[in-house]
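Below is one structure, written out as structure tokens; comments come after it.
No lab work stands behind these numbers, since they all come straight from the coordinates. Just so it is clear, the structure is predicted and the values come from calculations on it, not from any experiment. Reconstructed Cβ throughout: ideal geometry from the backbone, glycine too, with neighbour counts over all protein chains shown.
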Amino acid sequence: MLSQWVTAVLLVLAFGLFSYNFWKLLQIILAGASRDVWNAYHLRLKAVIDQVVLHKKLFRQGVPGLIHFLIFWGFVILSAGTLEWMYMGLTGGGKFDFLGRTGYGLFLLSQDWFNSFVLAAILVAFWRRLVVKPQRMRDNSSKSRADAYFILALIGGLVATSLLCHAIEIQNYGDKALPSFQVFSSLLAGVLPELTTGGWIYQASWWLHLLIVLVFLNYLPFSKHLHVILAFPNVFFSKVKARGELSTPDLEDESIEEFGAERVENLPWTSLLDAFACTECGRCNEFCPTASTGKALKPKTLMIDLRAAATRRKSLYQQNIEGNAALAALQEETLVPNTFSDQFVWDCTTCGACVEACPVMIDHVDAIVEMRRALVLNRGSNPDEATNVFRNFETSSNPWGLSEESRQDWLVQQGVPLFENSEDFDYLYYIGCAGSFDERNRKVVDSVIKLLKKAEVKFGILGKEEKCNGETARRMGNEWLAQQMMQTTVELLNGKAVKKVITSCPHCFNTLKNEYPAFGGQYEVIHHSEVLDSLIQEGRIQPKKSVSDSLTYHDSCYIGRYNDIYDQPRRALQSVSEKKLIEMPRSRDKGFCCGAGGGRMWLEETTGTRINANRADEIIQSGAKRVGVGCPFCMTMITDGLKSKEREDIVVQDLAEVIAEAVD
């Protein structure tokens, strides 16, 4: 009877303390700005099934993913066994045998197998951390490593005590303990010395198991392993709209005094949930181009420091700070520079590699853009180069500040038709700033037009009427300028009843496709790699010769990770290549950014090693003689990267140029 009362008191205290700490944590998270997440339930449930239940992202990591899958599901299934132990303590020895011999036997079988699997996975996890030491684990702080060891030890203690108790039951009660359902416990029972049949060892193991559970429960709110609880809601409430679509604030709302994320509480509560759900696994850093090249920005650091900032400001929530100097000073703290440096925020290329790698669906990029918006819109604070770019957009609707009158003039002189209305044309070819003004990328446009004409595709261009779509300004934080540019282009396209748009620039593609609907621009947007692949498959473009040089393909982040266009450009290139396309180690969803996204094309790269040089090294190591790209920014950055390595013998071409060469 005494043990039952002790068990009951311990459970009440443990669950009460956990509830109190978890409620305080929820208050910190929910202090963030509101965000509408009660929609698209089918997509949210699918994300939970894919990433929480099936571990799809983690399984891409190979053995580490399998280890985590076993530990996670073992922990879930073994929690049912823990419930039985609590039931035993409260009832004085009762078990779940009310399930019947077969039902209870299957219950014991699940406990036996998963106890063993989890114990093996724990040992492998220790071996990886202590012997193999992957780079992302070596990069962890000593506190983070200690936290991981402590949690692994607790889980190891849980499964070890469970196996030991079941083995002792088999020794003492034989067939009544259903050994036929407990293979591993039976094996352990066969090798244990007779001494273990003593009741005190069983009782000690039982109490140790229960205490470990209660310690684990109350340690979680202060551990990075809080994701055991928060992974499900974080994935459920993660972004379900297109990954390439940023939020659209109402800039005309006079009740809004500050735009973007000036302070922690300006971030949506889902971003704060991201920070607390972060597992600190380091996969985001592993694939991040800035972390890989020694820059200030590291996605994992973003989440850790954001979590610390939110926790530090918790004393402000629901408190009157009048007369409290310390709280008043804390209220004045801003994310930049109190938590993050300007350099940290401006390093980001918005490539999305961190988001793609994260197993709990954290969206680092949106948080970065919100901080940029605060800097630009509230303070007018941005790099000097960005100021020049903004001015050029305002005066000439292109980043170079070149005359709008010269936009696409060479195409008009060639007789390329101007798009007047959708009745005369199947497509609008939206060329973009790079294709209109940059001499190298004009050659890409020429190749695309040549191939479209050969396939007898009816298309037109806008000529000097075309304006920049606002993508770069938006990702550099100048939301006011970006929205003006977007609205101008939407009015132009809608005025011409545009329905289908071809682009050669992934940045134009993503913005027109995913962000223009919020401004009333509903178009079917197609990247030229998709069009050319389709025309080749249909036989409307028929290559006359093959390219003999070895080819590799560099994935643009904004058509790859952001829009899942991987196969079409590869298939189009393969159709004109004599040799099998060479795949670089970092390709497709793991593709490495060229360094130009997020407005970085126009900003100096002054810290660490150059991102494009890093990518150039990988291209050189591939042995390819040509690099196919599908983006004007990638064209420029990779060409410059290879030039810095004195490897101008490796030719960088847009896939349209490679195909046009084979068609001649």
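Each part reduced to its alpha carbon centroid, the range 31-90 and the range 125-185 end up 19 Å apart. In summary, the aspartates and glutamates within cross-link reach of LYS176, defined as a Cα separation below 15 angstrom excluding same-chain residues under 8 places away, comprise ASP97.
Under 5 Å from the amide H of VAL501 lie the amide H atoms of LEU428, GLU524, VAL525, ILE526, each residue being 5 or more positions distant or on a separate chain, with H modelled from the backbone and absent for Pro and chain starts. Based on DSSP H segments of at least four residues, each scored -39500 (n - 2.57), the chain has a per-residue ellipticity at 222 nm of -16500 deg cm²/dmol.
Counting only aspartates and glutamates at least 8 places from LYS580 when in the same chain, those with an alpha carbon closer than 15 Å to its own are ASP549, ASP567. Between the amide H of ALA33 and those of LEU267, TRP269, distances stay under 5 Å, these residues lying 5 or more places away or on another chain, with hydrogens modeled in the peptide plane. The alpha carbons of the range 515-617 give a radius of gyration and a Dmax of 16.6, 49 Å, in that order.
Once the Cα atoms are used to define both axes, helix 439-454 deviates from the longest principal axis of the chain by about 80 degrees.
Listed highest first by mean packing, meaning other Cβ atoms within 10 Å per residue, what order do 266-279, 465-478 come in? Before the final figure, lay out each step's value.
Working: 266-279: 23.9, 465-478: 25.7.
Final packing ranking: 465-478, 266-279.
Listed values (1) 1.05; (2) 0.97; (3) 1.00 include one computed from this model; for Rg/Rh (Cα atoms, Kirkwood Rh) that value carries the label (1).
For the range 568-581, putting each phi into the Karplus relation 6.51 cos²θ - 1.76 cosθ + 1.60 with θ = phi - 60° gives couplings of 4, x, 5, 5, 5, 5, 5, 5, 10, 10, 6, 9, 5, 4 Hz, in residue order, rounded to whole numbers and with x for Gly and Pro.
The alpha-carbon of LYS645 sits under 19 angstrom from the alpha-carbons of these lysines, leaving out residues fewer than 8 places away in its chain: LYS625.
Return the subset of LYS513/LYS590; LYS24/LYS57; LYS443/LYS467; LYS56/LYS224; LYS450/LYS545; LYS239/LYS314 for which the Cα-Cα distance in this structure is over 28 Å, preserving the input order.
Working: LYS513/LYS590 23 Å; LYS24/LYS57 31 Å; LYS443/LYS467 20 Å; LYS56/LYS224 21 Å; LYS450/LYS545 17 Å; LYS239/LYS314 25 Å.
Cα-Cα > 28 Å for LYS24/LYS57; rest within.
Rg/Rh for the range 36-128 stands at 1.10; both radii use Cα atoms, and Rh follows the Kirkwood definition. In order along the range 550-557, phi translates into HN-Hα couplings of 5, 10, 10, 10, 9, 6, 6, 4 Hz, rounded to whole numbers, per the Karplus curve 6.51 cos²θ - 1.76 cosθ + 1.60 with θ = phi - 60° and x for Gly and Pro. Distances between placed amide hydrogens fall under 5 Å for SER577 paired with VAL547, all partners being 5 or more residues away or on another chain. Phi-derived couplings, Karplus 6.51 cos²θ - 1.76 cosθ + 1.60 at θ = phi - 60°, listed residue by residue for the range 397-409: 6, 7, x, 8, x, 6, 4, 5, 5, 8, 5, 6, 4 Hz, with x used for Gly and Pro.
Helix 100-127 and the longest principal axis of the Cα set of the chain meet at an angle near 60°. For the range 389-663, the C-alpha radius of gyration sits at 0.96 times the compact-globule guess of 2.2 N^0.38 Å, with N the residue count.
Compute the normalised compactness of the range 264-381: alpha-carbon radius of gyration over 2.2 N^0.38 Å, N being the residue count. Walk me through the intermediate numbers first.
On the way: Rg = 14.8 Å, N = 118, 2.2 N^0.38 = 13.5 Å.
Cα-based Rg divided by the globular estimate yields 1.10.
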